[in-house]
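Every number in this text was worked out from the coordinates using simple rules, so none of it is lab data. Model, not experiment: these values are computed from the prediction. Glycine also receives a Cβ, built like all others from the backbone with ideal geometry; neighbour counts cover every protein chain displayed.
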Amino acid sequence: MGKKERRVPEAEELNITSMMDMMTIILVFLLKSFSATEVTVTPSSNLKLPMSDADKQPSVALNVVVAKDAIVVDNKRVLNLEAYDDPSYPGQKMYRIPAAERPGGGFDVPSLGAAFQEVVSQFDKITGLAQKAGRDDIGGFDGKILFQIDKDIPFTVVRDVMYNAGQAKFSEFEFVVIKTGE
């Protein structure tokens, strides 16, 4: 007798609400778990960083580069280093801060100290302007330095740089190294 009519299903709209919820959760998870640390290491023929298996990530701080030819503070060349023949190992070079840069001898290097002090005063100026504008979210001076030091630079040069940074109230020192493979 009668044929059953077949019902052709109507095209249903795709409900993307739950899919959007899922994508939002994934996005929030990825943003929370993703941490980006940006450290600018300027490639140079006079800068070869030492190797290490340290796991600590560097933080944002004042960038100081001690290469074989110069000391650079906040991307400004402060002074040139002097190369001389190493008496213990003929044919190899050693590096030092020129004697002319140390008028009183000792660890004090006025041009280096002035460069660190200039950074501190600029930071104080910016903090003061921010506070006048009602911005309390700008933190105070934290005294952090991120050192990029060539692996052939002797400790005497590193000591002098750290001493002058300490005189300008820098107190936290971090060193950039190249991570070795495991």
Check your understanding: Tally Lys and Arg at +1 and Asp and Glu at -1 over the other residues with C-beta under 10 Å from the C-beta of Val109: what net charge comes out?
Key -> -2
Check your understanding: Modelled label-to-label distance, Glu5 and Lys179, 7 Å Cα→beta-carbon offset: nm?
Key -> 6.8
Exercise for review: Let me know the Kirkwood hydrodynamic radius for segment 51-179, please, with Cα pairs as the basis and the value in Å to one decimal.
Suggested key: 16.1
Check your understanding: Amide H to amide H, which residues 5 or more places from Phe175 or on other chains are under 5 Å from it, using H placed in the peptide plane?
Key -> Phe147
Check your understanding: About its Cα centre, how strong a charge dipole does segment 51-179 have in debye, to the nearest 20, once Lys and Arg get +1 and Asp and Glu get -1 at the Cβ?
Key -> 200
Exercise for review: Can you figure out the FRET efficiency of Tyr89 with Lys144, using R₀ = 35 Å and their beta-carbon distance, to the nearest 0.05?
Suggested key: 0.50
Check your understanding: Given H placed on each backbone N at 1.01 Å, which residues far from Asp86 in sequence or on other chains put an amide H within less than 5 Å of it?
Key -> Gly91, Gln92, Lys93, Met94
Review point. What full-extension length gain, to one decimal in nm, is calculated for Ser52 and Asp152 as 0.36 nm per residue of separation minus the Cα-Cα distance?
Key: 34.5 nm
Practice item. Could you list, in their original order, any pairs among Lys125/Lys179; Lys48/Lys169; Lys68/Lys179; Lys93/Lys144 whose Cα atoms are separated by more than 25 Å? Key: Lys125/Lys179; Lys48/Lys169; Lys93/Lys144
Check your understanding: For segment 51-179, what's the relative contact order in percent, using C-alpha pairs closer than 8 Å and at least 6 residues apart?
Key -> 31
